[in-house]
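Mind looking over this structure? Questions follow.
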Amino acid sequence: MRSYLRGRPSGGLLEAAARSRARSGFEGFVELHRAQYGMYARARLQAAGPAAEVVAWTFGYVEAGWDEVLGGPEPTAVCWSLLRGAVSRRTEVGRPAADWLHEVLPAAAADVVLLRYRLGLDLPAAARLMGVSVGVVEVELRAALRILARA
């Protein structure tokens, strides 16, 4: 049987359909995470404008490499790491650190405490947002509470 698309130049119907699916997947990802990413960034930066800029940068960066992100083992964890890094860099640029948790705890533990106790997410929601298992979130939370009890 002869292939219908054989000999077609790149950019054919299949590639256009794949790009469309990838684009709609990215848009769905943004809609799913935008509000919580914004709450996290605002909680750490204590300012809506810089928080919005960091979230926009994160999604722009992710969009540019969306195919590679999807090809990785845990796309949500990659995006969370990018957001966390962007927020951390923003706090280091001439601004006092608004979030003392990230000064006294390891980054993942501080994120879990912030998501759980400042933003009110339950452990499964925090795990989904960070792209990790609930078990990882539980371990980070226990570690954070031990460190904070000693402080």
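The values are calculated or read from the model by the stated rules, or taken from the named source; none is laboratory data. All values reported here derive from a predicted model rather than from experimental measurement. Positions of Cβ are backbone-derived with ideal geometry, glycine not excepted, and every protein chain shown enters the neighbour counts.
Taking the stretch 102-149, which residues are touching a helix residue (DSSP H, G or I) at 6+ places or on another chain (Cβ under 9 Å) and outside any helix (DSSP H, G or I)?
Within the stretch 102-149, Leu105, Pro106, Leu119, Leu121, Asp122, Gly131, Val132, Ser133 meet the criteria.
Another one. What number of residues within the stretch 62-87 are more than 14 Å from Ala41 (Cβ to Cβ) and of a type in the set (Phe, Trp, Tyr)?
Number of matching residues: 1.
So Pro73 passes all but one of these: (1) surrounded by fewer than 18 Cβ atoms within 10 Å (Cβ to Cβ); (2) in a helix (DSSP H, G or I). Which condition number does it fail?
With (1) surrounded by fewer than 18 Cβ atoms within 10 Å (Cβ to Cβ); (2) in a helix (DSSP H, G or I) applied to Pro73, the lone miss is (2).
Using the structure shown, decide if Ala126 is buried (at least 19 other Cβ atoms within 10 Å of the Cβ), among the small types (Gly, Ala, Ser), closer than 23 Å to Ala151 by Cβ and out of contact with any Ser or Thr (no Cβ under 9 Å at 6 or more places or on another chain).
Values: buried (at least 19 other Cβ atoms within 10 Å of the Cβ): yes; among the small types (Gly, Ala, Ser): yes; closer than 23 Å to Ala151 by Cβ: yes; out of contact with any Ser or Thr (no Cβ under 9 Å at 6 or more places or on another chain): yes.
Yes, satisfied.
Let me ask something else. Which of the numbered conditions does Arg90 fail, given that it passes all the others? Conditions: (1) at pLDDT 95 or above; (2) under 25 Å from Glu53 (Cα atoms).
Of the numbered conditions (1) at pLDDT 95 or above; (2) under 25 Å from Glu53 (Cα atoms), the odd one out for Arg90 is (1).
Also: Looking only at the stretch 18-28, decide whether some residue is in a helix (DSSP H, G or I), modelled with pLDDT of 90 or more and under 22 Å from Gly85 (Cβ atoms).
Taking the stretch 18-28 as the starting set, the residues that turn out to be in a helix (DSSP H, G or I) are 18-28.
Right, trim to modelled with pLDDT of 90 or more and you get 27-28.
Cutting the leftovers down to under 22 Å from Gly85 (Cβ atoms) gives us none.
So far as the stretch 18-28 goes, no, none of its residues is in a helix (DSSP H, G or I), modelled with pLDDT of 90 or more and under 22 Å from Gly85 (Cβ atoms).
Okay, next question. If you go through the stretch 96-112, how many residues are crowded, with 17+ Cβ neighbours inside 10 Å and under 16 Å from the mean Cα position of the chain (by Cα)?
Count: 5.
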